[in-house]
Amino acid sequence: MGKTTDRFLPFPVSDRKLTGTLKRQFRYILAGVLTLALAVSLLFSMTRFFEQITYDAISDSNRDFAVSVNAMTETLNSSMVNFERQLFYSNTISTLFRKDGFTEAEKSYIMKDLNSSLNAADFTEAIYVYNGYTDTVYSTGPFFARKLEDVNAIPIRDLLSDRSVDQRFHAVYCHEDGDEEHSDHNYYAFIFYELYPDRTPKPNALVVTIHDDWYQNFLLLANPSSDFIVLDLAGNPLLYADEALCASSQPYYKQIHEDTENPPSGYILGKNRNEICLYYESPDSGHIYLRITSIRELVPRFYRFRQITTRIIIGLSFLFGALLLALLFYSFLPMLRMKDAIRQIDSCLTGEPETDSALKATANEETLPLKKQLENVVSKSERTSLEQILYDMLLEKRPADADRLFKTAVPPYGLMLIQAHHRSDIYRAALQEHPEILITKSDNIYACIASYAFPDAQNAFAKQLADTLECRVFVSTLFSDFQELTSHFGNLRELHRLALVLDAAQTVVMETELEKKTAENSVSTKDFTELTARLKAGKLESSLAKWQEIRDRLYTYRYDSFQYILNRTEDTICRILKDLHSDLLTEEERLLPEHVEQISDFSEIDRTFEKAFAVICENYSEKKAQKYSNLAQKVKEIVEQEYHDPELNAQSIADRLQLNNAYLGRMFRSAYGHSINDCINTCRLEESKTLLRNSQESIDSIARNVGFSNVKYYYVLFKKYTGQTPAAHRSGEETI
């Protein structure tokens, strides 16, 4: 029996071997625990790292939008200041500013002029003129003149009473509480007044109020969502997409306002980390732009990724705890050693070596090393930082400096604008040939810069990108002075905006193409007046020919002239359509998209305008025909009622209707096929024929009674129309 046992146990199992095996397993478990702890910590750190990158990217996007809204605000404020400045120094306002008042005749003129100024712009709501010498407020409301203390609009009264220099040239949000008959009233006010040398306000002031809906819709046009709000320096809401944001924004405002170390733009996470506030503080106006939304709605994919990561971390934590328990078992419970000894014995009996560790090692070798993953993340982060620097240089937010972008590249440099679908597509196509290339996105197009040895290399590379990515590429001339970067970018961006009038087959567009365009505008007001006249005359073919004439000139213009002429043509058509209450207009009362870049082909413009021309011409043709018919009927009624009057003729009727005699004659002939005088003579002759047969009056008397002052002319006319004399007609003779 002993021999048999020795044959099956080639390696005798001793206490020392069992102890060594237990120690190895203890070390394996300890290494597993440490590895698991490191994995959980690293996973958590990477999650936070990607979370921060995601939030930073969203914050930058929000900042760009807020900057655009801020620029639109400044532009709108400047326009309002110019409008108020012109109004402030007008003769009407100067009359209201006089210390000695004005006459009743002047008052009528002033009220008319004020209302004309109010109606000149569709966004204005009311005008208030404050005479500080008489403490009187004049307005376009139901009460023309009132003392300042009697003004019903409390915000206007407060604004005129406590004039602050900070409120000049800026929109002031005003709110008036309603009552049982009137609802709450919200609007924006712009105040304008002069200052003494010591910066104190002069007595007189002008306030123009505008509709809050118009102001907010104008500024929120680029952001239709309901999570955007603008606060002033004191934290008061100036502009918001949803009234609920007024209350929810205050905690974030306090945190931004009280913490002086906060950057001018960034993000703040809510208490439960499920809500995020993206903010941007304007350095010019001091306004704070907030976007408050839930992370789940803002970045749903990242939110799901974070939930999955959290579950993984929880699972790994449970596994970590389980391994710790196993470690305790192996350390403190001797009974487990017996189980291990039994397993070792079983392994010796079967003669099968342990292979689990080898399999795990093989699996780990096939996995990408963590260090390599981190290196990739750091490399991408550095490239993202350089792309942001390039973006700021293109927008002239920082000086152009090649050393900030490139480590080894040397001049000359070349800039391209690429209409690709995604940044990664360009990198995949370009990095192998130009590893130093940098790409950033500006105005919905990708800008990339690199170093090229000579122009042919740049052109060949541009052609390769255009063919590979199947898109259009705009290429600058090579430049050695990096300060010329923004100039070349401006030229390429202008060419991109002129894509509608470029050859569609031209996939590589050189910067020199811009030299073929002219900045001079040869389309005058006379052309648009002529187009309007042709449309209102119902002449479709003539209107299309005029548009074709203007269209041909558009192809030769640079962007500013091109955009101006196109917009003015559209405005001319829209005004006519608005008068006709046409449903062709969008809610913004436009025919074309807001930006030319949104139009893929010029034929879209042609089709839109041709459709509008057809509608206009059809409407005006119908109106013209109806107008002719109504006037002709009116003239005929006058003739039938007053043909006995010897003074009645075409000229007297035209004078009565205050119309041109020739125009009225053409209209009447178009409706009835004969002239007005023929109609008058026909009525008189028909009446005379009846009198000749049914009365005994003399022919001369009948002629005068029916309206002929010249009896001889009556004889001639009667013979011409009936073929017989009045006497023959009375005697009943038939015409041969």
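Odds and ends about this structure:
- The number of residues in segment 696-736 being touching a Pro at 6+ places or on another chain (Cβ under 6 Å) and surrounded by fewer than 14 Cβ atoms within 10 Å (Cβ to Cβ) comes to 1.
- Cβ separations smaller than 7 Å between residues 6+ apart or across chains give the following pairs from segment 144-167 residues that are without any contact (Cβ under 8 Å) to a residue 24 or more places away in the chain to residues that are exposed (fewer than 12 other Cβ atoms within 10 Å of the Cβ): L148/S161.
- All conditions in (1) assigned to a helix (DSSP H, G or I); (2) touching a residue at least 60 places away in the same chain (Cβ under 8 Å) hold for I702, with the sole exception of (2).
- Picking from residues in segment 168-193 that are without any contact (Cβ under 8 Å) to a residue 12 or more places away in the chain and in a loop (DSSP other than H, G, I, E, B), the one that is farthest from M80 (Cα to Cα) is E180.
- Candidates A105, A121, A126, filtered to the one that is more than 24 Å from A189 (Cα to Cα) and either aliphatic (A, V, I, L, M) or outside the structural domain of E149 (by the TED database) (or both): A105
- Positions within segment 382-410 being of a type in the set (D, E) and in contact (Cβ under 8 Å) with a residue 60 or more places away in the chain, in sequence order: E396, D401
- Any hit, segment 641-650, residues being free of Cβ contacts under 8 Å to residues at least 12 places away in the same chain and under 29 Å from L498 (Cα atoms): no
- Any pair with Cβ under 6 angstrom, 6 or more apart, that starts in segment 674-688 at a residue that is without any contact (Cβ under 8 Å) to a residue 40 or more places away in the chain and ends at one that is outside any helix (DSSP H, G or I): S688/V706
- Qualifying residue in segment 547-556 (condition: part of a loop (DSSP other than H, G, I, E, B), assigned by the TED database to the domain that holds A462, within 26 Å of the chain's Cα centre (by Cα) and closer than 16 Å to F602 by Cα): no
- Going through (1) under 29 Å from N217 (Cβ atoms); (2) over 32 Å from the mean Cα position of the chain (by Cα); (3) not β-branched (V, I, T) one by one, S117 falls short only on (2).
- Among the residues of segment 129-150, the ones that are aliphatic (A, V, I, L, M), in contact with a Lys or Arg (Cβ under 9 Å, 6 or more places away or on another chain) and buried (at least 20 other Cβ atoms within 10 Å of the Cβ) come to 1 in all.
- Of the listed requirements (1) within 30 Å of Y279 (Cα to Cα); (2) outside any loop (DSSP other than H, G, I, E, B), L160 misses just one: (1).
- Only one of A153, A126 that is buried (at least 19 other Cβ atoms within 10 Å of the Cβ) and under 20 Å from E176 (Cβ atoms): A153
- All conditions in (1) within 19 Å of Y240 (Cα to Cα); (2) surrounded by 15 or more Cβ atoms within 10 Å (Cβ to Cβ); (3) modelled with pLDDT under 80 hold for F169, with the sole exception of (1).
- In segment 295-312, the residue that is farthest from the chain's Cα centre (by Cα) out of those that are surrounded by 12 or more Cβ atoms within 10 Å (Cβ to Cβ) and modelled with pLDDT of 75 or more is I312.
- In segment 209-248, of all residues being under 21 Å from S68 (Cα atoms) and hydroxyl-bearing (S, T, Y), the one that is modelled with the lowest pLDDT corresponds to S225.
- Checking each residue in segment 129-151 for being in a strand (DSSP E or B) and either touching a helix residue (DSSP H, G or I) at 6+ places or on another chain (Cβ under 7 Å) or of a type in the set (A, V, I, L, M, F, W, C) (or both) picks out V129, Y130, N131, V137, Y138, A145.
The values are calculated or read from the model by the stated rules, or taken from the named source; none is laboratory data. Just so it is clear, the structure is predicted and the values come from calculations on it, not from any experiment. Cβ coordinates were reconstructed from backbone atoms using ideal geometry, including for glycine residues, and neighbour counts include every protein chain displayed.
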